[in-house]
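A quick write-up on the structure given underneath.
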């Protein structure tokens, strides 16, 4: 699926906050390795509900629909943990609403939904609940679902930027390596030449 247009519905971990440049974020690494055209309007701090001011025209789902992608990544949910105590019902409903809206508007696109990312070894109880809601919504729209992404940065503080909240370049390189493995399992491998060059980079962070 080289030359596919690929859209990303995500937060700061997909935007690439903490990276030295957009080229170092995991989404751009995997797109470059596959010859994909990246559309990444992800927003720092955004959740399905958290810090979201717009629901409908002009929001991220509508921007993704307007881009007419072949593949859609949904990598949301991390920030909703911080509003879970007051917004749990809204979060649960909005997860399903967003995914069903995207699927209805883009019936021919392939959807890849990722378990919500996480950034510390300590895990909030809400994380497993939100993860369950995301997984159920992904199954309902017949999306591919990537398990385990909340564990990708565990036990490696050296993969975090100085702010302690976001990955650094090494962290994003590791996320790209993990995502690459998941996409290969889904029969979306990188080209051999790109995979070799990226493999050298990935080995340097282990």
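Every read-out reported here was derived from the displayed coordinates using simple, explicitly stated rules and does not represent laboratory data. Being a predicted model, the structure only gives us computed values, none of them experimental. Cβ sites come from the backbone with ideal geometry, for glycine too, and all protein chains shown count toward neighbours.
Scanning region 12-36 for residues that are outside any loop (DSSP other than H, G, I, E, B), over 14 Å from residue 71 (Cβ atoms) and out of contact with any helix residue (DSSP H, G or I) (no Cβ under 9 Å at 6 or more places or on another chain) yields a total of 0. For region 44-53, state whether one or more residues are surrounded by fewer than 16 Cβ atoms within 10 Å (Cβ to Cβ), farther than 25 Å from residue 165 by Cβ, in contact (Cβ under 8 Å) with a residue 24 or more places away in the chain and more than 14 Å from the chain's Cα centre (by Cα). No, that holds for no residue.
From the set of residues in region 64-79 that are over 29 Å from residue 151 (Cα atoms) and in contact with a strand residue (DSSP E or B) (Cβ under 9 Å, 6 or more places away or on another chain), which is surrounded by the fewest Cβ atoms within 10 Å (Cβ to Cβ)? Give the derivation first.
Of the residues in region 64-79, the ones over 29 Å from residue 151 (Cα atoms) are 65-68.
Adding the requirement that they be in contact with a strand residue (DSSP E or B) (Cβ under 9 Å, 6 or more places away or on another chain) leaves 65, 67-68.
Working: 65: 18, 67: 16, 68: 13.
Filtering region 64-79 for residues that are over 29 Å from residue 151 (Cα atoms) and in contact with a strand residue (DSSP E or B) (Cβ under 9 Å, 6 or more places away or on another chain), the one surrounded by the fewest Cβ atoms within 10 Å (Cβ to Cβ) comes out as 68.
Residues are listed down the side, and each one gets a yes or a no for (1) buried (at least 19 other Cβ atoms within 10 Å of the Cβ); (2) in a loop (DSSP other than H, G, I, E, B); (3) touching a strand residue (DSSP E or B) at 6+ places or on another chain (Cβ under 9 Å); (4) free of Cβ contacts under 8 Å to residues at least 60 places away in the same chain:
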position: 128; (1), (2), (3), (4): no, no, no, yes
position: 133; (1), (2), (3), (4): yes, no, no, yes
position: 136; (1), (2), (3), (4): no, no, no, yes
position: 142; (1), (2), (3), (4): no, yes, yes, yes
position: 155; (1), (2), (3), (4): no, yes, no, yes
position: 158; (1), (2), (3), (4): no, no, no, yes
position: 164; (1), (2), (3), (4): no, yes, no, yes
position: 172; (1), (2), (3), (4): yes, no, no, no
